[in-house]
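Peer 1: I have a structure I would like to understand better, so I am pasting it below and will then ask my questions one at a time.
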Amino acid sequence: MNEYKHTTMSIQKILKIILALLLCFCCLDLPYAYYQLLRYVATIIFLYLAYASHQEGNKIYPIIFVALAGLFQPFLKIALGRSLWNVLDIAVAIFLVLSIFVEEPRKRIE
C-alpha cells in the first residue's frame, strides 16, 4: 500500500470516528446552534467520504455518503422530529464506526 493511500484511509477513519461522536452528542440537550453547525460539518465530511470512497473504486459507499450528505445538508431542512433524528443520528454513527472495519464487498473477477 502506498503512502498516499494509507494517509487517505487514516484520514477517513479519523473523520468517521469524529463524526460518529458528534452525532452521538445530538442525543444530549444542546443549544440549537450545535445542531446547525453539525449539519454543515456532517455534509462536508460525507461529501469528502463519498469522493474518497469513489477514488478507491468503491461502488456502494459513495452513494450512501452522498445520500447522507443530502439528508444532513443545512439548506433545505428535513423536519423529522427530535426523536426520529436521534434514532437516525445513532444509526448513522453506528454505520460510520462499522464502515471502518467492514470493507465494501467487491465482485470476484473470474
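Peer 1: To check my understanding: the extent here is largest minus smallest coordinate of the Cα atoms along each principal axis. What are those three numbers for the chain, in Å, largest first?
Peer 2: Reported extents, whole Å, longest axis first: 50, 27, 23.
Peer 1: Rounded if a/c is under 1.5, else prolate if a/b beats b/c, else oblate: with a ≥ b ≥ c from the C-alpha gyration tensor eigenvalues square-rooted, which is region 31-84? Can you show the working numbers first?
Peer 2: On the way: a/c = 3.20, a/b = 2.08, b/c = 1.54.
It is prolate, given that a/c is not under 1.5 and a/b is the larger ratio.
Peer 1: With only Lys, Arg, Asp and Glu charged, each at its Cβ (+1 for the first two, -1 for the last two), find how big the charge dipole of the chain is about the Cα centre; round to the nearest 20 debye. Let's see the in-between values first.
Peer 2: Numbers: 10 positive and 7 negative charges, 32 e Å.
Computed charge dipole of the chain: roughly 160 debye.
Peer 1: Let me ask another. For the pair Tyr40/Arg82, report the inter-label distance in nm, with labels modelled 7 Å from Cα in the Cβ direction.
Peer 2: Each label point lies 7 Å from its Cα, and together they span 2.4 nm.
Peer 1: For helix 61-72, report the angle its Cα long axis makes with the longest principal axis of the Cα atoms of the chain; keep it between 0 and 90° and round to the nearest 10°.
Peer 2: The helix 61-72 is inclined about 10 degrees to the chain.
Peer 1: How much accessible area per residue does region 13-57 have, counting only protein heavy atoms and a probe of 1.4 Å, in square angstrom? Intermediate results must be reported in sequence, preceding the final value.
Peer 2: Numbers: 2610 Å² over 45 residues.
Computed with neighbouring chains in place, this is 58 Å² per residue.
Peer 1: Could you state how much accessible area Leu84 has, in square angstrom rounded to the nearest 10, with a 1.4 Å probe and all protein chains kept in place?
Peer 2: Counting only protein heavy atoms, Leu84 exposes about 80 Å² to solvent.
Peer 1: First select every other residue whose beta carbon is under 13 angstrom from the beta carbon of Tyr48; then total the charges, Lys and Arg +1, Asp and Glu -1.
Peer 2: Numbers: positive: Lys13, Lys16; negative: Glu56.
Local net charge: +1.
Peer 1: On C-alpha positions alone, give me the angle between the axis of helix 32-55 and the longest principal axis of the chain, in degrees, nearest 10.
Peer 2: The angle comes out at about 10 degrees.
Peer 1: Over region 27-110, what is the mean sequence separation of C-alpha contacts under 8 Å (at least six apart), divided by residue count, expressed as relative contact order in percent?
Peer 2: Details: 43 pairs, mean separation 23.7, N = 84.
After rounding, I find 28 percent.
Peer 1: Over the chain, with every protein chain in place, what whole percent of the accessible area is carbon and sulfur at 1.4 Å, could you tell me? Don't skip to the end; give the middle numbers.
Peer 2: Details: 5330 of 7450 Å².
That fraction is 72 percent.
Peer 1: Let me ask you something else. Run the helix sum for the chain: -39,500 (n - 2.57) per DSSP H stretch of 4+ residues, divided by residue count, reported at 222 nm to the nearest 500 deg cm²/dmol. It would help to have the intermediate numbers written out before the result.
Peer 2: Working: 4 runs with 78 residues, N = 110.
After summing the helix terms and dividing by the residues of the chain, the value is -24500 deg cm²/dmol.
Peer 1: Compute the acute angle (0 to 90°) between the alpha-carbon long axis of helix 82-101 and the principal axis of greatest extent of the alpha-carbon atoms of the chain; round to the nearest 10°.
Peer 2: The angle comes out at about 20 degrees.
The values are calculated or read from the model by the stated rules, or taken from the named source; none is laboratory data. Nothing here was measured: the structure is a model prediction, and the numbers come from that model. Don't worry about glycine lacking a Cβ; one is built from the backbone with ideal geometry, like all the others, and counts go over all protein chains shown. Keep in mind that these areas ignore ligands, DNA and RNA; they rest on the heavy atoms of the full protein, side chains included. Shrake-Rupley method; radii C 1.70, N 1.55, O 1.52, S 1.80 Å.
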